[in-house]
Amino acid sequence: MADTVLAIETTLAKASLTRVELRDPQKLHHVIDLRRLQALTPGFNWSRYVAGLGLAGTRSFNVTEPAFMKALNTLILTRSLADLKTYLRWHLAHQAAPYLAPSFVEEDFDFFQHTLHGVPHQSPRWQGCVTLIDKQLGEALGQEFVRSAFSPALKARTVHMTQQIEDAMAARIKSLDWMSHATTGKALEKLHAIANKIGYPERWRDYSSVEIRRDDFFGNVLRASSFEQKRQLAKIRKPVDRGEWVTTPQTVNAYYDAPMNDITFPAGILQPPLFDPAMDDAPNYGNTGGTIGHELTHGFDDEGRQYDAKGNLKNWWSKKDEQAFNERTQCLIDQYAQYTVVDDIKINSKLTLGEDLADPGGLVLALVAWKAAIADNPPPDRDGYTPMQRFFIGMAQWGCENSRAEDLRVRAATDTHSPNKYRVNGLVANFPEFEQAFACKPGQAMAPVKRCKVW
């Protein structure tokens, strides 16, 4: 049965887009009607499937990967019914394994965490429970988190910093010598249309219909999963809810959503040691300011720039400006391709380009905003470091990590982010301000002859 599952997975994987190709939204946009969808996969009854989801009458579909659908159809027609049942049983067992008896949990952990990522032991049970609540009832947990960890004053301070970063971005766009006047106008239009979601959503999700029983853990998981599936399907053919959050307030992360043209900074990332209200501005701007700028820059990276101010996949660039942009991004592709992840594996810099663009773009904006903030009242040295040194040290704090070789190998093949080591060292090597702040000698690794700069 394992051989059967592996064979089917391999067949489907070979027909799938690569991780790099998946970053190109143009390759994922193939809107067709039900008739054409059925013709693409005659071995699968889409009308019955859609009706089973309660969506009878749906006529428009975006087939992100037509080649995959063709391979799926061939597989359905050529594989035995027994093989297909084996494959479906495997997926049921795999998805349910973390919530079943210890034997399932241990087997699932042994391969997907220990073998693939090198994790030696399972995390304590309480951590798994908190993670599950965050995943399935996240905004209910979020209300408690916000109540205890995110004050109105902290939100106001973050809103102010975000506005400063946006002002810096507007100034940067206006000053670009490689962008035409027409494209600059479109870029500013998109920038000013970006919505900022900070801390927590304005409307909390209602989980009152989810039945939770003390004596039915797996049933709780199923019912919460069913709730979320129905909630997602109910969006179809309805206006877009631009106030919705796709992450929870307690999440230590941030994101830019290109089709929505918004940036989200949950309360979880606006906490020490990343953002510390008790600290001076230098490290806070270096860290949180850089993160705000990072997400803002995603709207103008190689992927995000293909969407317009309304979040539509629409090219608003002139050919000359697009060529100038690509020439500058090639510098980053070449730079990061030289870095070794582990063993002899180099960074796949075409996969990580979006993040490698957003990192320096964000830090430039944070630096501009911070300098403007302290212009009338320059801060003194502190703890033996100059303000500029503290700015860069604050930036580097978020990247502190230890990674196992197994995890690095998997991430090198799948992660759109470069390892944190290079998201810090590779990033600041492009900043003459870093070279000056720490007196790096010309020609050293942290003071290279050639630097990359896009935004």
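Structure notes:
- Exactly one residue among E106, E9 is assigned to a helix (DSSP H, G or I), within 30 Å of D216 (Cβ to Cβ) and acidic (D, E), and that residue is E106.
- Helices (runs of 4 or more DSSP H) contained entirely in region 371-455, each with at least 2 residues that are closer than 21 Å to I165 by Cα: 387-397, 420-428, 432-437
- For E228: the one exception among (1) assigned to a loop (DSSP other than H, G, I, E, B); (2) touching a helix residue (DSSP H, G or I) at 6+ places or on another chain (Cβ under 8 Å): (1)
- Here region 155-168 is the region considered, the condition is being aliphatic (A, V, I, L, M) and either open to solvent by less than 20 Å² (accessible area, probe 1.4 Å) or within 23 Å of the chain's Cα centre (by Cα) (or both), and the residue that is farthest from G361 (Cα to Cα) is V159.
- Cross-chain or 6+ apart pairs with Cβ under 7 Å, region 195-218 first and open to solvent by 60 Å² or more (accessible area, probe 1.4 Å), then part of a strand (DSSP E or B) and β-branched (V, I, T): N196/I263
- For region 24-69, residues that are of a type in the set (F, W, Y) and outside any helix (DSSP H, G or I) total 2.
- Members of region 169-179 found to be open to solvent by less than 40 Å² (accessible area, probe 1.4 Å) and either among the hydroxyl-bearing types (S, T, Y) or more than 26 Å from the chain's Cα centre (by Cα) (or both), listed by number: L176, W178, M179
- Given (1) under 14 Å from M169 (Cα atoms); (2) out of contact with any strand residue (DSSP E or B) (no Cβ under 9 Å at 6 or more places or on another chain); (3) open to solvent by less than 20 Å² (accessible area, probe 1.4 Å), index of the condition L188 fails: (3)
- Residue match in region 406-416 (condition: basic (K, R), open to solvent by 70 Å² or more (accessible area, probe 1.4 Å), out of contact with any helix residue (DSSP H, G or I) (no Cβ under 8 Å at 6 or more places or on another chain) and free of Cβ contacts under 8 Å to residues at least 60 places away in the same chain): no
- Among residues of region 169-181 that are more than 13 Å from L365 (Cβ to Cβ), those with a beta-carbon under 9 Å from a residue that is β-branched (V, I, T) and part of a helix (DSSP H, G or I) at least six positions away or on a different chain give the pairs K174/T184; L176/T184; M179/I173.
- Residue match in region 179-194 (condition: among the hydroxyl-bearing types (S, T, Y), in a helix (DSSP H, G or I) and at pLDDT 95 or above): yes
- Residue in region 44-60 that is among the β-branched types (V, I, T) and closer than 18 Å to T414 by Cα present: no
- Region 397-420, residues that are modelled with pLDDT under 95 and either of a type in the set (G, A, S) or closer than 25 Å to V449 by Cα (or both): G399, S403
- Residues of region 329-357 satisfying the condition of being part of a helix (DSSP H, G or I), crowded, with 16+ Cβ neighbours inside 10 Å and in contact (Cβ under 8 Å) with a residue 40 or more places away in the chain: T329, L332, Q335, Y336, L353, G354, E355, D356, L357
- Selected residue [farther than 30 Å from P360 by Cα, part of a helix (DSSP H, G or I) and open to solvent by less than 30 Å² (accessible area, probe 1.4 Å)] from V130, V146: V146
- In region 281-321, the qualifying residues are those that are open to solvent by 50 Å² or more (accessible area, probe 1.4 Å) and part of a helix (DSSP H, G or I), and the one that is nearest to R172 (Cα to Cα) is K320.
- Region 52-110 - residue that is open to solvent by 60 Å² or more (accessible area, probe 1.4 Å) and in contact with a strand residue (DSSP E or B) (Cβ under 9 Å, 6 or more places away or on another chain) and, of those, farthest from T10 (Cα to Cα): R59
- Filtered residues of region 255-267 (kept if open to solvent by 10 Å² or more (accessible area, probe 1.4 Å) and closer than 24 Å to R147 by Cβ): Y255
- Hey, L72 in a helix (DSSP H, G or I) and closer than 25 Å to Q232 by Cβ or not: yes
The values are calculated or read from the model by the stated rules, or taken from the named source; none is laboratory data. Every value quoted in this text rests on a predicted model; they were computed, and no experiment measured them. Positions of Cβ are backbone-derived with ideal geometry, glycine not excepted, and every protein chain shown enters the neighbour counts. Quick note on the areas: whole protein, heavy atoms, side chains included, nothing else; ligands and nucleic acids left out. Shrake-Rupley method; radii C 1.70, N 1.55, O 1.52, S 1.80 Å.
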